[in-house]
Structure formats: C-alpha cells, structure tokens
1. At 0.36 nm per residue, minus the direct Cα-Cα distance, what do Glu50 and Asp204 gain on full extension? Give it in nm, one decimal, please.
2. Which cross-chain or sequence-distant (5 or more) residues have an amide H under 5 Å from the amide H of Ser17, H modelled 1.01 Å from N in plane?
3. If R0 is 22 Å, what FRET efficiency do you get for Ser109 and Arg26 from their C-beta distance, rounded to 0.05?
4. Name the residue farthest towards the positive end of the dipole of segment 1-109 from the options Phe45, Ala59, Leu5, assuming +1 on Cβ of Lys and Arg, -1 on Cβ of Asp and Glu, about the Cα centre.
5. Dipole of segment 18-83 (Lys/Arg Cβ +1, Asp/Glu Cβ -1, origin at the Cα centre): which of Trp34, Ala21, Trp76 lies farthest to the positive side?
6. When the dipole is taken about the Cα centre of the chain, and only Lys, Arg (+1) and Asp, Glu (-1) are charged at their Cβ, what size is it in debye, to the nearest 20?
7. Just want to confirm a number: the relative contact order over the chain, from Cα pairs under 8 angstrom separated by 6+ residues, in percent.
8. Report, in debye and to the nearest 20, how large the dipole of segment 125-205 comes out about its Cα centre when Lys and Arg carry +1 and Asp and Glu carry -1 on their Cβ.
Amino acid sequence: MSHDLIIFDCDGVLVDSEVIAVEIDRRILAEFGWHLSIDEIVDRFLGGTEEAFVAQLGAHLGRPLPPDWDAPYVAWYREAFEAELQPVLGIESVLSGIDAPFCVASNGSHAKIRHSLGLTGLLEHFPDEHIFSAQDVAHGKPAPDLFRHAARSLGAAPEDCVVIEDSRSGVRAARAAGMRVLGYAGGLTPAAWLADEGATVFTDMTEVPALLA
Ligand SMILES: [Mg+2]
C-alpha cells in the first residue's frame, strides 16, 4: 500500500504531552470544584478542542466562563511542558525513515504546535507549509475539516492519505474525512476505544514502517 500523504496528530503521537496535560487539566478542574479521575478526563477531553473543554466546564458550573478565565493556568501548562515534554518513544526514527510526504494536523494552535515540536527537537521535520492547526478551519476534530484541509493543501486525495492518531476524537475525524487511520494505543487511550472508531491499532512506534508498507 502506498500513500501520498501521512498525517500525524501532534499531542500523544509526536510529543508525549497528554500524560502531562491531563494532570494539569485535573488540577484546573479541581480548582473549580469538579473532581474527575484521570480516566474520566481522558474519556471526556483527550483529543478535543480547547473550546469543548471550556464549554463542558461552563456547563458543569451552570455559567459561562469569562474570556480570561484561564489566565492563572496558562503558566501551569507552559511550565510543565518546558520541564517535562519528550518526543513519543520511537517517533524520531519513524520521521527520519519515512519516504512519503508527511505533515502534522493538530487541534492545538500554531504557536502551541511549534512550541511543542521545538521543545522536543522535532520541528526540523516540519516546514511551515506542513503544519496545520484547527485555527485554519471552521471546526476542529472530531469534524473532518482539518484533515481534509491538510490533504487538499498538499495535493493528496483523502483515500491516498493515512492518519496517525491517539484519540477517539482524532480517529473519528479521520474516518469522517475518508482516510485510513492508524491508532496509537501506546499512550493514554485504551486500544478498544480506537479500534471501535475504525482505527488499525498499534502500541509501539517501531510498528509504523510495516503498517505503512
Ligand atoms: Mg492526540
């Protein structure tokens, strides 16, 4: 099977950010009196947009959050990422060995994607025109817009793309875009969740070259 474009999710696929982020999410929600377990946070929020997080927190509180609600917390994420963020185990070899065009498509902002890839030494693999953010489209994942936008921008038909994702939201988006999906279950998301959404599941990045071949 040959592919015209390989589309990587960022958080949990390129950078090992989810384990850091869900702990910060847990602490922030607790500040608002909403005490969720890590599993519950993975279920509700992993791979979702920041807007979806804010909407669910507002619904839980029964009031909308003010625009600057996160001002005290932005530094929590930044400081934790700068201290702890690592590439996902084995991803550097995958990126160095791929002989097809590839890009990143993330629900995070352009600034966040570049910051995370820069911290982990992966940014050199992604020229500007190969970085796609939910900021570029009307609806982030689980809508198909972002993956379609990335494929269209780089001249690939959806059926010739493969997406590598670690969240249900992301797998759903890729399937809705008409793309093949490899679901990475080496992180926080249970393999069955990814399989149920239609992904071919794997747990170790060393499997990727064979899955793409
Ligand atoms: Mg992800």
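1. 52.7 nm
2. Here the answer is Gly12, since their amide H atoms fall under 5 Å of that of Ser17.
3. 0.50
4. Farthest along the dipole direction, towards plus: Ala59.
5. So the residue furthest toward the plus end is Trp34.
6. 500
7. Relative CO of the chain lands at 27 percent.
8. Dipole about the Cα centre, nearest 20: 220 debye.
Taken together, the values in this text are just the output of simple stated rules run on the coordinates, not laboratory data. The model shown is predicted, which means the values in this text are computed figures rather than measured ones. Reconstructed Cβ throughout: ideal geometry from the backbone, glycine too, with neighbour counts over all protein chains shown.
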